[in-house]
Amino acid sequence: MPRMFGTSIMLREFMQSDLDEMRKWISDPESTRYLSDTFTVPQTWEQSANFLDSILSGKNPGVHLVIANLMTGEYLGQCDLMNITSYSHKAEMAIVLGPEHRGKGYASEAIDLLLELAFDHMNLNRIYLRVFAENQPAIKCYDRCGFVREGVLRQDYYSYGEYHDVIMMGILRDEWRRTRARK
């Protein structure tokens with residue numbers, strides 16, 4: 001896949017040299033607090049290396065891209081399209097940024113590029129995601145990008161000694177095109 005360029009970031013392929021930067025957020029409890037069950041326990045260096053190897057070897061299904069600094073190519077975070085179904089033309093999205101890269105607009109820009117890839121190049125019709133109800137910065141970002149709240153999975157996730165509601169959000173190709181036209 002060719003790289004995709006925004007105004008301050010690019011989406012690019014993973015490289016072996018990204019492992020050190022990946023480990024910064026993987027080792028940060030605040031970064032993993034709202035991620036999947038995979039991160040409920042600390043990840044070893046070997047587990048992270050195996051995950052990266054699965055992406056590099058093409059054994060990890062889906063689209064996995066690095067969010068990188070436009071000028072330097074430095075790893076800032078990553079975004080993914082997973083559970084891609086060709087019959088229904090949909091995929092699940094995930095995104096994470098390193099702790100020092102949050103609040104700079106990189107996530108919105110990366111999502112815009114990822115949605116362009118999904119809708120214009122992969123012919124998908126729906127992208128959905130799951131977000132913890134208390135993760136307000138992420139919800140605001142998804143709202144700005146045109147995602148719509150589709151429902152709540154009540155007490156769907158157990159973390160830090162309590163159950164958490166998870167909000168389902170999604171965006172359709174037509175909605176994305178309208179959102180993009182307004183920008």
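Descriptive notes on the structure:
- Every residue from segment 15-42 that is open to solvent by 60 Å² or more (accessible area, probe 1.4 Å) and either modelled with pLDDT of 85 or more or under 14 Å from TYR75 (Cβ atoms) (or both): MET15, GLN16, SER17, ASP20, LYS24
- Residue in segment 129-141 that is open to solvent by less than 20 Å² (accessible area, probe 1.4 Å), in contact with a His (Cβ under 9 Å, 6 or more places away or on another chain) and under 22 Å from GLY103 (Cα atoms) present: yes
- Any hit, segment 89-97, residues being loosely packed, with under 13 Cβ neighbours inside 10 Å, touching a residue at least 12 places away in the same chain (Cβ under 8 Å) and under 25 Å from ASP18 (Cβ atoms): no
- Selection within segment 160-183 - open to solvent by 30 Å² or more (accessible area, probe 1.4 Å), farther than 15 Å from ALA91 by Cβ and within 17 Å of the chain's Cα centre (by Cα): none
- Members of segment 50-88 found to be among the charged types (D, E, K, R) and either touching a helix residue (DSSP H, G or I) at 6+ places or on another chain (Cβ under 6 Å) or open to solvent by less than 20 Å² (accessible area, probe 1.4 Å) (or both), listed by number: ASP80
The values are calculated or read from the model by the stated rules, or taken from the named source; none is laboratory data. Since the structure is predicted, the reported quantities are computational estimates derived from the model, not experimental observations. With ideal geometry, Cβ positions are generated from the backbone for all residues, glycine too; neighbour counts draw on all protein chains shown. Ligands, DNA and RNA are excluded from the accessible area calculation, which covers all protein heavy atoms including side chains. Shrake-Rupley method; radii C 1.70, N 1.55, O 1.52, S 1.80 Å.
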